[in-house]
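Here is the structure we will look at, set down as structure tokens.
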Amino acid sequence: MSSSDRSRKGMHLSLADDRIKVGIIFHSASHKPQLDEESDAVAKRTVDLDARAQTLGESLGIAFTSFVLPAASGAAPANEAGASGTEPESAEASANDGATMLAATLRTLTSREERVTLERRAGRWGLYFLRGAAALGGERGAEAVPLKDAPLEARERFLLHSEEFFAQYLDLCEDRRTRMRQAVAAADRTLALLDEHVTRS
């Protein structure tokens, strides 16, 4: 092997070592893009959670429709986004406060509330995504769609808050079951009272 060949080989090995150090992964042309793999993982987890929700709904028969899907973490409220560690002059502070309040009001009026529900629709229990109409704009609220068919970004946000969602649902179910047991116990006492009255008569 000539010295030039050895030199080129050494360069190739050096480049390979550098690639390993920085964590670059080179796939063949036929390999699936990493972004597609990650979106597939989001889709699979959504389907898995939907299956669990279906089982819970069928066994407990209790719907949960009050969960508001939190906004993306980067969308900070205007009063937080404009906060700083120093106190400006009073006139400037007043102007900034007014602008902040106006921006917050406009954001509230134009935002569209998004919910994820666990309920029965078209004869099937499962997770559903619902985007409401903005208060300002006259749009009609969109129909609920199965969560697995919701936009990828909405599914990602739900997965981030899925533990909170199901914890609230299970708390709701326990509260409902407790109230039903209490109602049955109260009815039993009433029946016993009436039976006693009939017996005395």
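The values are calculated or read from the model by the stated rules, or taken from the named source; none is laboratory data. Keep in mind that this is a model prediction, so the values were computed, not measured. FYI the Cβ positions are ideal-geometry reconstructions off the backbone, even for glycines, and counts take in every protein chain you see.
Values computed for the structure shown
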read-out: Given (1) of a type outside the set (D, E, K, R); (2) within 18 Å of Asp50 (Cα to Cα); (3) at pLDDT below 95; (4) surrounded by 10 or more Cβ atoms within 10 Å (Cβ to Cβ), number of the condition Thr110 does not satisfy; value: (2)
read-out: Residues within region 114-147 that are at pLDDT 90 or above, over 22 Å from Cys173 (Cα atoms) and of a type in the set (Asp, Glu), tallied; value: 1
